[in-house]
Amino acid sequence: MKDVVFQVAGFMALAARTAPKSLGQDYLSTRTITGNEILQLAEGMLAFGKETGKKDFDRDSESVRQAAAVFLIGLKDAKPLGLNCGACGYSRCEEATAHDGPEFRGPQCFWRAMDMGIALGSAVKTASLFNVDNRVMYRAGVVARRLGLIDADVVLGVPLAATGKNVFFDRTPKG
């Protein structure tokens, strides 16, 4: 089953890549991890939660540990769209100076983040079409970026599994 899940992750990357993007400009990064990298991510999530005292990294770590693959998606060096709309918190696009935050690099242009959201939606829809269980996880993205599992400024992770019961739902909060 793991080979099939990995193949579906490839279709997810295709769906993300071909999703519509503002001005047709593509700043997406995608990568699928398996095997030892999944264990590295799960352990990293557990450690990050303990180190920072942030909630539910331990719970999500257990979900990731049960995945056959984890699809990672992020934005890398996304240039502002140039609308001066203020949605990022700055009045003018050129005022938004890039800096590292505690988990991600920002600020990100709202419209580029929307592009990533549309691409992510296309990717998880693709997983669903193949009946591969998945769940979008902010926490997996934080740690995947921190561990260098993907080169991107903002990352989300999508663990994937094909089991008799979706292991990513009905989870019990820990702590």
Q. From 166, 84, 134, which residue is touching a strand residue (DSSP E or B) at 6+ places or on another chain (Cβ under 6 Å) and free of Cβ contacts under 8 Å to residues at least 60 places away in the same chain?
A. 166
Q: Taking residue 1 as meeting all but one of (1) more than 21 Å from residue 151 (Cα to Cα); (2) modelled with pLDDT of 95 or more, write down the number of the exception.
A: (2)
Q. In a helix (DSSP H, G or I), surrounded by 14 or more Cβ atoms within 10 Å (Cβ to Cβ) and touching an Asp or Glu at 6+ places or on another chain (Cβ under 7 Å): does that describe residue 140?
A. yes
Q) Considering segment 1-27 alone, what residues qualify as being within 19 Å of residue 69 (Cα to Cα) and either part of a loop (DSSP other than H, G, I, E, B) or hydrophobic (A, V, I, L, M, F, W, C) (or both)? A) 1, 4, 5, 6, 8, 9, 11, 12, 13, 14, 15, 16
(Q) Condition check: buried (at least 17 other Cβ atoms within 10 Å of the Cβ), in contact with a Lys or Arg (Cβ under 7 Å, 6 or more places away or on another chain) and at negative phi. Does residue 60 satisfy that? (A) yes
Q: Give the residues of segment 143-169 that are touching a Ser or Thr at 6+ places or on another chain (Cβ under 8 Å) and surrounded by fewer than 24 Cβ atoms within 10 Å (Cβ to Cβ), sorted by residue number.
A: 150, 151, 167, 168
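The values are calculated or read from the model by the stated rules, or taken from the named source; none is laboratory data. Not measured: the values here are computed from a predicted model. Note: ideal-geometry Cβ built from the backbone for every residue, glycine included; neighbour counts use all protein chains shown.
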